[in-house]
There are 4 protein chains.
Amino acid sequence: MIKVGIVGGTGYTGVELLRLLAPHSQVELVTITSRAESGRRVDDLFPNLRGHCDLQFSSPDIETLAACDVVFYATPHNVAMQMVPELLATGVKIIDLSADFRLRDAELWSQWYGEPHACPELLAQAVYGLPEVNRNKIADAQLVACPGCYPTAVQLGFLPLLEAGVIDIDSLIANAASGVSGAGRQAKIDNLVSEASDNFKAYGVEGHRHLPEIEQGLSDIAAAPVAVTFVPHLLPIIRGIHATLYARLTSEVDLQQLYESRYENEPFVDVLPAGQLPQTRSVRGSNMLRLAVTRPQQRDMVVVTVVEDNLVKGASGQAVQVMNILCGLDETMGLQGIALLP
Amino acid sequence: MIKVGIVGGTGYTGVELLRLLAPHSQVELVTITSRAESGRRVDDLFPNLRGHCDLQFSSPDIETLAACDVVFYATPHNVAMQMVPELLATGVKIIDLSADFRLRDAELWSQWYGEPHACPELLAQAVYGLPEVNRNKIADAQLVACPGCYPTAVQLGFLPLLEAGVIDIDSLIANAASGVSGAGRQAKIDNLVSEASDNFKAYGVEGHRHLPEIEQGLSDIAAAPVAVTFVPHLLPIIRGIHATLYARLTSEVDLQQLYESRYENEPFVDVLPAGQLPQTRSVRGSNMLRLAVTRPQQRDMVVVTVVEDNLVKGASGQAVQVMNILCGLDETMGLQGIALLP
Amino acid sequence: MIKVGIVGGTGYTGVELLRLLAPHSQVELVTITSRAESGRRVDDLFPNLRGHCDLQFSSPDIETLAACDVVFYATPHNVAMQMVPELLATGVKIIDLSADFRLRDAELWSQWYGEPHACPELLAQAVYGLPEVNRNKIADAQLVACPGCYPTAVQLGFLPLLEAGVIDIDSLIANAASGVSGAGRQAKIDNLVSEASDNFKAYGVEGHRHLPEIEQGLSDIAAAPVAVTFVPHLLPIIRGIHATLYARLTSEVDLQQLYESRYENEPFVDVLPAGQLPQTRSVRGSNMLRLAVTRPQQRDMVVVTVVEDNLVKGASGQAVQVMNILCGLDETMGLQGIALLP
Amino acid sequence: MIKVGIVGGTGYTGVELLRLLAPHSQVELVTITSRAESGRRVDDLFPNLRGHCDLQFSSPDIETLAACDVVFYATPHNVAMQMVPELLATGVKIIDLSADFRLRDAELWSQWYGEPHACPELLAQAVYGLPEVNRNKIADAQLVACPGCYPTAVQLGFLPLLEAGVIDIDSLIANAASGVSGAGRQAKIDNLVSEASDNFKAYGVEGHRHLPEIEQGLSDIAAAPVAVTFVPHLLPIIRGIHATLYARLTSEVDLQQLYESRYENEPFVDVLPAGQLPQTRSVRGSNMLRLAVTRPQQRDMVVVTVVEDNLVKGASGQAVQVMNILCGLDETMGLQGIALLP
């Protein structure tokens, strides 16, 4: 059994880790931390877990964490990077769901997050945890930075086009929309039902923190600098990301065939048959990412539509997928739940 | 023109007062206060008001308020009662949308609100602002306490039965549900989209602050002590209250006729034709309260279903109705907007 | 492996059966029927099933069904009763999710469903599939009528009070609300997003088809005729039933203790700790029913609040629970999924 | 008083016309037709109109319509074009909210709508009813084709850029999303709450009927052929369109100044201050269209975000605006309602 600790268990990625890990046959949940809720039963805060999890929140404690095999950080940015150096030294494997280790360039990180990086020397060591790109590196890593929710959808959507070199990489557009759970479990007026439930808006158009992560990832894939216009929107649903990606084709290619062959062996990427378009509800609660590739009016613009559950493939599910790889388990273990539809 | 001031303009009852008063032909909006947002344009916070309201929020100031004809308090409880005595002395008419002057018994108030009442001597002077019951008293009042959202629906629902003396007054049940805007514009985790939008629950079953107000009002109408079991629920919509009221009949009566004749001349109570049931959307944004009276299976239990928009007839619309009465205007002025359906 | 057939697979209880049965370790899905969609892949209609179910819809065929061990009817009423006599004769076990075999009185059935019952002689043989009441009878049954969604919540909510004989059984009130999926997957204007999504209303107040089922069930439990006022409401959510039950206490009793001891060994009834109230989201996608018992203001009215997922414990989950019992499997097999929260 | 008839009053654009016209001080509603609901009171179908509209639906009748000053067609496509020639001959002014007269090219129309146009000879005479472009022509028209909901948002969003000639017109992208009311009041499974309320998807990517209308309108504005990639999405809200428009800048320009000066005198186009982004709720129920122009990361891609209420500025409100112009009234009459927020 793999001993698992979770740091920062009161947010939505925390409770989602618990939902996925509690029934995982190879995992023993050892500790889940929260300073604010220390001493409170987890299932008191999250009543869906009644009968499935007997843990209480506790204050984070390096010794307890060091006794785990794997520790997940489900914290806001700027928490993991303060604790990781000490914990890493104990030999524990660390899977960070926050943004702290996603960018390789510490200066770029500082520019977007507004403070110096606490351990820039670890950035080169951290593996970017997108299994469809970095599966082998993840298997050998000690520190994995899980991709952001938007970057997962955008990268997997553009990936086959970039690898095939059939699009103009200077004018990519990623128009994306996320359910409100992406904003986290924080008391903010903007995310109240009365503000955000019967509404739709773009936000962060001038620059969203996922932009440099997206551009770094796409540039890695293309092996050349890629520029993206990225516009996120806030959807009046709880879970789900939908990305609509635009790229100008520079050569003729069988798009359907390109996508199907690239993702043929990927357990969590589903290329829809030609003529179908993905819907967020088809992945609600599931680790599957579904996508479709289209070429409207047979002009030279390719449009890729992608859906994922931002809390599963976009966060906690992908983190469990990473854990399975790290620990030599079947990559799909504990992740085969069927999406809840309707 | 009636000079109007609003104290506490950043909440939902505040913006709703602005929506109703900005186009009111006899009203001049003079001042709207908010300590926290002082100096900010109102339409910067509430973009629906762009082009309709040029005011900025300002700090509350007794002199400015004293220069108004009418001042609305759209504040949480325990604010109005601190300021009202001084302002009342200047002769201004005051319409309080909060709970501060709704109960006549200062001790009961303290028991439910957890602190002593700041000016118990004014409680007897305050008129309970339910026009369908107190129209004449309101016309002569200087201080009006607007009813709560639930109490408006529950009282107008039971009113004809109580006046007619045809039900058992010891076992009334008021099962009610409110949209989330009833919880106010406050940063609380419980009211986030991710918590409350795909959910339904009862709350405050052990005792909700509207219970003593409901029992006081129903007892006044019945001229005898009335006991109610009141269970509120939280609806995953923004606006709307629905009350399902249960009472045991003690005499035979033509219920449809009873309700229609009682509310025949009420501009804002609509008794639906027999066979129809009210829906919250039929009053969305409107000051109308709609209700139906039924007797399932012709047994001895009468069921009254009532809908209102909690921010209009349940709060700001009723307050404007009160203002119209207070100021000798046509009671319906500025309140004839049609509900937004679909 | 248990060979399973599903008749009527295009509705919401059909797809929910598939979601629960596809990963069930002891089940082999043999056939799923739909006249309208015959020949279409199931996962084309329900994309959440892609990768989990390779079946196509086929026309119902008695021979194929007769080769199954268990056949589920997930059809509207008046379908199962036409086919069941012939199929029953082949020895197959039948679990009917529709209303056809829920009432023991054929005349009562006709009165509520507007047509004669097709096989009244089978009504006495059919077992009412509420495991918490009829577990032993279910184990020996060949034909099980699964309870309706509302009746499940209402019966399990009142059960301990009725068994203990501590309430007045002449004046029970069941105020309940259901998500829209309860209305089925039918093209009806009333259930469009534009009609029902930002709305709340009562319906069927004069008489809902679940009323006679509820009264039959409660009378069985009480061993005396029970009368209920039942008012259903339509919630603007997809899944979830919430029932608020009212009963007048006739003797003193420790309510919390009564409920906890009655349901101590029930795997799918969760009595919440005193002070907590159930929320529909805490059972979204799960077979758990959660409830709380309260006594507002310590008066003599007991209020029980109950939640279930109408498609799981209220329909398909309960049907699988019945199948597990019928087939001698662990009753919880395939039903331990954790509710999706947030 | 202007005598008004409405053909096809049971859809959402029909009820929205009634909501806007019932209180319009210069309008007398003479007739509203529906074959299916003939004889039924309008407020029986649409309870928000109780007390505001005493009409009954009647079968369409050329004589009654000919006695009107203005007739609105709020019908699906292929209805108006069958009736308009005869009615036009009587001298009545006709405002068609459907697609029948939007395209000038009858063959193009046939290609997208799948049948021959019934009166191609009238296409040249029909004025495209976008006041911000065609105000003067509308004033003199007898037959006006109101723009589609998406085309209104997309055209007004790109307009200043095209007029100024500062963008590449070969690679425009219009990524748009609409509330479900845009799909009309039709019994379709796809638009049920259980299907579309907790979901987001693109649709019509291969080609949506609004594409040729958008390209015709933008080409008119640019006085050159414009190509657009148009991807509509379905939002889980009732009302509201949001368009996110992308264009590559070909010259330097002060974008904020360009938009503000172009729309300075437009009563129903609101250019937000720099730094603000529009939200659908800020126009809910209002005829205002709000937009913002941004240039992310100061690169060469301009992003325009636009919101409107699809039933108001995107349909019935714009039709009333057209009527006001046609009849020489103040263009804003009856259209100054403030958006319902929250």
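Filtering C:GLY157, C:GLY207 for residues that are among the small types (Gly, Ala, Ser) and either surrounded by fewer than 21 Cβ atoms within 10 Å (Cβ to Cβ) or in contact with an Asp or Glu (Cβ under 7 Å, 6 or more places away or on another chain) (or both) leaves a single hit, C:GLY207. Once segment B:259-283 is narrowed to residues that are more than 9 Å from every other protein chain (Cβ to nearest Cβ) and crowded, with 18+ Cβ neighbours inside 10 Å, the residue that is nearest to C:ALA202 (Cα to Cα) is B:VAL271. Selection of segment A:233-254 for residues being within 21 Å of A:THR294 (Cα to Cα) and not in a loop (DSSP other than H, G, I, E, B) yields A:ILE241, A:HIS242, A:ALA243, A:THR244, A:LEU245, A:TYR246, A:ALA247, A:ARG248, A:LEU249.
Yes/no matrix, rows are residues, columns are (1) assigned to a loop (DSSP other than H, G, I, E, B); (2) touching a strand residue (DSSP E or B) at 6+ places or on another chain (Cβ under 7 Å); (3) at positive phi; (4) at pLDDT 95 or above:
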| residue | (1), (2), (3), (4) |
| --- | --- |
| B:PHE101 | yes, yes, no, yes |
| B:ARG104 | yes, no, no, yes |
| B:TRP112 | no, no, no, yes |
| B:ALA124 | yes, no, no, yes |
| B:VAL133 | no, no, no, yes |
| B:LYS137 | no, yes, no, yes |
| B:VAL144 | no, yes, no, yes |
| B:TYR150 | no, yes, no, yes |
| B:GLY157 | no, yes, no, yes |
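Among the residues of segment C:217-252, the one identified as farther than 17 Å from B:PRO236 by Cα, buried (at least 20 other Cβ atoms within 10 Å of the Cβ), within 13 Å of chain B (Cβ to nearest Cβ) and small (Gly, Ala, Ser) is C:ALA247.
B:LEU55: surrounded by fewer than 21 Cβ atoms within 10 Å (Cβ to Cβ) and either over 17 Å from the mean Cα position of the chain (by Cα) or at pLDDT below 95 (or both), yes or no?
Criteria met by B:LEU55.
The requirement of being among the β-branched types (Val, Ile, Thr), touching a Gly at 6+ places or on another chain (Cβ under 6 Å) and within 14 Å of chain B (Cβ to nearest Cβ) is not satisfied by D:THR305.
When the residues of segment D:191-216 are filtered to those that are outside any loop (DSSP other than H, G, I, E, B) and within 9 Å of chain C (Cβ to nearest Cβ), the one that is farthest from C:VAL15 (Cα to Cα) is D:ASN191. Please determine whether any residue of segment D:304-316 is outside any helix (DSSP H, G or I), in contact with a helix residue (DSSP H, G or I) (Cβ under 8 Å, 6 or more places away or on another chain) and of a type in the set (Lys, Arg). Looking for residues that are outside any helix (DSSP H, G or I), in contact with a helix residue (DSSP H, G or I) (Cβ under 8 Å, 6 or more places away or on another chain) and of a type in the set (Lys, Arg), one finds none in segment D:304-316, hence no. Among the residues of segment B:55-79, those identified as part of a loop (DSSP other than H, G, I, E, B) and in contact with a strand residue (DSSP E or B) (Cβ under 8 Å, 6 or more places away or on another chain) are B:LEU55, B:SER59, B:PRO60, B:ASP61, B:ALA67, B:CYS68, B:ASP69, B:ALA74, B:THR75, B:VAL79.
B:TYR113 - would you say it is more than 30 Å from B:THR250 (Cβ to Cβ) and in contact with a Leu (Cβ under 8 Å, 6 or more places away or on another chain)? First the steps, then the outcome.
On the way: more than 30 Å from B:THR250 (Cβ to Cβ): yes; in contact with a Leu (Cβ under 8 Å, 6 or more places away or on another chain): no.
Against the criterion (more than 30 Å from B:THR250 (Cβ to Cβ) and in contact with a Leu (Cβ under 8 Å, 6 or more places away or on another chain)), B:TYR113 does not qualify.
Looking only at segment D:87-103, which residues are closer than 13 Å to D:GLN142 by Cα and either of a type in the set (A, V, I, L, M, F, W, C) or surrounded by fewer than 18 Cβ atoms within 10 Å (Cβ to Cβ) (or both)? D:LEU87, D:LEU88, D:ALA89, D:THR90, D:GLY91, D:VAL92, D:ILE94, D:ILE95, D:PHE101 - these are the residues of segment D:87-103 that are closer than 13 Å to D:GLN142 by Cα and either of a type in the set (A, V, I, L, M, F, W, C) or surrounded by fewer than 18 Cβ atoms within 10 Å (Cβ to Cβ) (or both). Here B:ALA243 does not qualify as out of contact with any Gly (no Cβ under 8 Å at 6 or more places or on another chain) and modelled with pLDDT of 95 or more.
Checked against the criterion of being closer than 17 Å to C:PRO232 by Cα and within 14 Å of chain D (Cβ to nearest Cβ), the candidates C:ALA183, C:ALA187, C:ALA153, C:ALA176 yield just one match: C:ALA183. When segment D:30-46 is filtered for residues that are in contact with a strand residue (DSSP E or B) (Cβ under 7 Å, 6 or more places away or on another chain) and over 16 Å from D:LYS3 (Cα atoms), the ones remaining, listed by number, are D:SER34, D:GLU37, D:SER38, D:GLY39, D:ARG40, D:ARG41, D:VAL42. Residues that are in a loop (DSSP other than H, G, I, E, B) and buried (at least 22 other Cβ atoms within 10 Å of the Cβ) were ranked within segment A:21-49; the one that is farthest from the other protein chains (Cβ to nearest Cβ) is A:SER34. Apart from one condition, A:GLY328 fits all of (1) within 14 Å of chain C (Cβ to nearest Cβ); (2) farther than 18 Å from A:GLN279 by Cβ; the exception is (1).
Among the residues of segment C:310-327, are any over 16 Å from the mean Cα position of the chain (by Cα), of a type in the set (A, V, I, L, M, F, W, C), at pLDDT 95 or above and outside the structural domain of C:ASP69 (by TED's automatic domain parsing)?
yes
Residue-wise test of (1) surrounded by fewer than 23 Cβ atoms within 10 Å (Cβ to Cβ); (2) in contact (Cβ under 8 Å) with a residue 12 or more places away in the chain.
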| residue | (1), (2) |
| --- | --- |
| D:ALA80 | no, yes |
| D:ASP105 | yes, yes |
| D:LEU123 | yes, yes |
| D:LYS137 | yes, no |
| D:GLN142 | yes, yes |
| D:GLU163 | yes, yes |
| D:ALA176 | no, yes |
| D:ALA187 | yes, no |
| D:ASP190 | yes, no |
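Number of residues in segment D:9-37 that are modelled with pLDDT of 95 or more, within 19 Å of D:GLN318 (Cβ to Cβ) and not hydrophobic (A, V, I, L, M, F, W, C) equals 9. How many residues are in a loop (DSSP other than H, G, I, E, B), more than 24 Å from C:LEU340 (Cβ to Cβ) and of a type in the set (A, V, I, L, M, F, W, C) if we restrict to segment A:255-293? Summing the residues that are in a loop (DSSP other than H, G, I, E, B), more than 24 Å from C:LEU340 (Cβ to Cβ) and of a type in the set (A, V, I, L, M, F, W, C) in segment A:255-293 gives 1.
The values are calculated or read from the model by the stated rules, or taken from the named source; none is laboratory data. These numbers come from a predicted model, not from an experiment. Cβ: placed from backbone, ideal geometry, glycine included. Neighbour counts: every protein chain shown.
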